[in-house]
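A.B. asks: The structure's right below; bear with me while I get my questions together.
The values are calculated or read from the model by the stated rules, or taken from the named source; none is laboratory data. Everything numeric here is computed off the predicted structure, so don't read it as measured data. For neighbour counting, all protein chains shown are included, and Cβ atoms are generated from backbone atoms with ideal geometry for every residue, glycine included.
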């Protein structure tokens, strides 16, 4: 099916849900559209993340195992060096806690890895371990060789989860601002800042009450004036949004946008030319279609430019970055069985 036809497939629903705050556009087919792997030693996967290393290698990670919440779920990584194919998935972290004298292994599932390549520093891999999102804890492992090998994972300080699904951003002072959230007392968004790549932390309080708007899993965009916009998933069938004018120390009252959301993860990135790009399910129910939208006015209005998937199924939890060469890379869950990678040309948006 052509890209134009795929956009038209969902256009009536999109127009109905988003009203006057959108336009419909289209882009040429992706430069790259591929599965990161065809076969793996786990039946299910979810919650991918992607980063680029200084030499141009793409590194992707996700959690995989029998099924979400199963104790055997671990964190897996694959690499794609320039001009090569993706490497076979390798498990780099698990939730093993200890072994009893009787030989029983006590283990918890892993969740939501988040990759971030520090400037002049290591590749960071944040993830969570625990029985459920209500009581998980944050973990961090690092790589000095572009994801080939990883340090012994360490637990983050009590009450610090790290970026909960989507990547941090680097502030002008070099600190990382991490969008995070909790689910143990309503769905509430807060932010964590680390000036030293995860050694010490500053944590803000929640920016919503978890009742009038139940919100989690933010992404952070940077405006031309230096202010920040966060937006993400909610239980209210719309994406939420908040603004910070002081580098993430405080945030405006959370509001709901016109963009539909079926209570599923999203991701967004500020492009080098100042535009913002959003990947999300443009529907109130289900996890198909999966769409790409762009904003040229600091997130006030969005134009849907591409539909990644429109067939029945689950296409969800996207991650998006812009590489040094300008190309846009998106990964997402494909029916819980594989992770898909798509590359777009920003000059064609």
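A.B. asks: Could you tell me which residue of the stretch 309-324 is farthest from residue 50 (Cα to Cα), considering only residues that are assigned to a strand (DSSP E or B) and touching a residue at least 40 places away in the same chain (Cβ under 8 Å)?
C.D. replies: By that ranking, first place goes to 316.
A.B. asks: Now a separate question. Out of the strands (runs of 3 or more DSSP E) lying entirely within the stretch 68-163, which hold 2 or more residues that are touching a strand residue (DSSP E or B) at 6+ places or on another chain (Cβ under 7 Å), free of Cβ contacts under 8 Å to residues at least 40 places away in the same chain and closer than 22 Å to residue 200 by Cα?
C.D. replies: Fully inside the stretch 68-163 and qualifying: 123-129, 137-143.
A.B. asks: Now for a separate question. Only one residue in 244, 181, 175 is buried (at least 16 other Cβ atoms within 10 Å of the Cβ) and under 27 Å from residue 313 (Cβ atoms). Which one?
C.D. replies: 181
A.B. asks: Looking at residue 203, is it under 24 Å from residue 244 (Cβ atoms), surrounded by fewer than 19 Cβ atoms within 10 Å (Cβ to Cβ), in contact with a strand residue (DSSP E or B) (Cβ under 6 Å, 6 or more places away or on another chain) and modelled with pLDDT of 95 or more?
C.D. replies: Criteria met by residue 203.
A.B. asks: If I filter the stretch 339-349 down to residues being over 14 Å from the mean Cα position of the chain (by Cα) and surrounded by fewer than 21 Cβ atoms within 10 Å (Cβ to Cβ), which single residue comes out as nearest to residue 32 (Cα to Cα)?
C.D. replies: Out of the qualifying residues, it is 343.
A.B. asks: Look at residue 23 and say whether it is in a strand (DSSP E or B), touching a strand residue (DSSP E or B) at 6+ places or on another chain (Cβ under 8 Å) and either surrounded by 18 or more Cβ atoms within 10 Å (Cβ to Cβ) or at pLDDT 95 or above (or both).
C.D. replies: no
A.B. asks: Then there's this: Please verify whether residue 29 is surrounded by fewer than 19 Cβ atoms within 10 Å (Cβ to Cβ), closer than 20 Å to residue 344 by Cα and either touching a helix residue (DSSP H, G or I) at 6+ places or on another chain (Cβ under 9 Å) or touching a residue at least 40 places away in the same chain (Cβ under 8 Å) (or both), treating the condition exactly as stated.
C.D. replies: yes
A.B. asks: Another question, then. Would it be correct to say that residue 272 is more than 27 Å from residue 40 (Cβ to Cβ) and out of contact with any helix residue (DSSP H, G or I) (no Cβ under 6 Å at 6 or more places or on another chain)?
C.D. replies: Yes: the conditions hold for residue 272.
A.B. asks: To continue, here is another question. Being under 25 Å from residue 48 (Cβ atoms), out of contact with any helix residue (DSSP H, G or I) (no Cβ under 8 Å at 6 or more places or on another chain) and loosely packed, with under 14 Cβ neighbours inside 10 Å narrows it down to one of 238, 154, 188, so name that one.
C.D. replies: Exactly one of 238, 154, 188 is under 25 Å from residue 48 (Cβ atoms), out of contact with any helix residue (DSSP H, G or I) (no Cβ under 8 Å at 6 or more places or on another chain) and loosely packed, with under 14 Cβ neighbours inside 10 Å, namely 154.
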